[in-house]
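Bear in mind these aren't lab numbers, they're just calculated from the coordinates by the rules spelled out. As the structure is a prediction and not an experimental result, all values here were calculated from the model. No Cβ is skipped: glycine too gets one built from the backbone with ideal geometry, and neighbour counts run over all protein chains shown.
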Protein chains: 2
Amino acid sequence: MQAQSAALDRMFHALADPARRVMVDRLTRGPATVSDLAKPLAMSLPAVVQHLQVLELSGLVYSEKNGRVRTCRIEPKALRTAEDWIAERRTVWERRLDRLGEVLLEIEAEEKSTKGRTK
Amino acid sequence: MQAQSAALDRMFHALADPARRVMVDRLTRGPATVSDLAKPLAMSLPAVVQHLQVLELSGLVYSEKNGRVRTCRIEPKALRTAEDWIAERRTVWERRLDRLGEVLLEIEAEEKSTKGRTK
DNA sequence: ATGATACTTAAGTGATTACTTAACTATAAA
DNA sequence: TTTATAGTTAAGTAATCACTTAAGTATCAT
């Protein structure tokens, strides 16, 4: 479970750039060529290709070349890996809050039942 | 909806470092001091404080100082913001696949009903 | 008051990023 | 067979990153 960490590094790092998120967003609406991905971005084609490489190394996107056109798609399983990491932590925290809430209710009930008797 | 992007930049970037993920993970189990957070990490205290600053600027963590001790907590709402961005994209993609599946089933049905009649 | 604790601030460094331009390589079209 | 298209490769650069060590500054305990 140490290789997992490097994979998460790469995924979150890939998602940390606005241009790359635009690319991912575009790919959720269906496959796209490199030029398609470049169209809404105010940067050179090589820059887009470099972003694409980051996305591919992260496992979030894969692509294949047919003739002179490269077609890119998202890998939803990878998207899920990143999502799950966050969800697990959030869940642990929320369960903790639930338990805390129960304890507080118990204390409150205890105080009510005790009120006026002792002291 | 342009400021949102910078916030996501900061959040995903914050989560892209293994040391910071260890810190977040620790904080889901309850509040911790700076030294608590530093304990499992093989780096100097100032380095930990710098990571903490990244986490605070991202909104994922906040902290307050009492006496000489700084107590840190996670902000689950921020955690959810990052989680939701991913979940939304994944959902768009999955709905797309569903529609695609329907279309394929229709085509399949069409082909079956047509088989042997024409051609 | 003195020392130990819990950070904090500042400054420096090597590595990595996110670009750029220029030059190149296939493939497809005219 | 020339010419345009789609992408690739290489090299350079300014900015940001993830640390480090050294030297603080408040608190708290004795």
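Within a 10 angstrom radius of each residue's Cβ in A:84-96, how many Cβ atoms of other chains show up on average? Whole number is fine.
Mean shielding by partner chains, rounded to a whole number: 6.
Mind checking B:25-34 for the average number of partner chain beta-carbons within 10 Å of each residue's beta-carbon?
Values: counts 4, 0, 3, 9, 4, 4, 0, 0, 0, 0.
Average per residue, whole number: 2.
Return A:R29, B:R10 ranked ascending by Cβ neighbour count within 10 Å, so the fewest neighbours appear first. It would help to have the intermediate numbers written out before the result.
Working: A:R29 12, B:R10 19.
Ascending Cβ contact count within 10 Å gives the list A:R29, B:R10.
Per-residue Cβ counts within 10 Å, from other chains only, averaged over B:5-14: what number is that? Intermediate values should be presented prior to the final figure.
Numbers: counts 4, 1, 0, 5, 5, 1, 4, 10, 5, 2.
What the average comes to for B:5-14 is 4.
With +1 assigned to the C-beta of every Lys and Arg and -1 to the C-beta of every Asp and Glu, and no other charges, what is the dipole magnitude of the stretch B:52-103 about the Cα centre in debye, to the nearest 20? Intermediate results must be reported in sequence, preceding the final value.
Working: 11 positive and 9 negative charges, 52 e Å.
Using Cβ point charges on Lys, Arg, Asp and Glu, the stretch B:52-103 gives about 240 debye.
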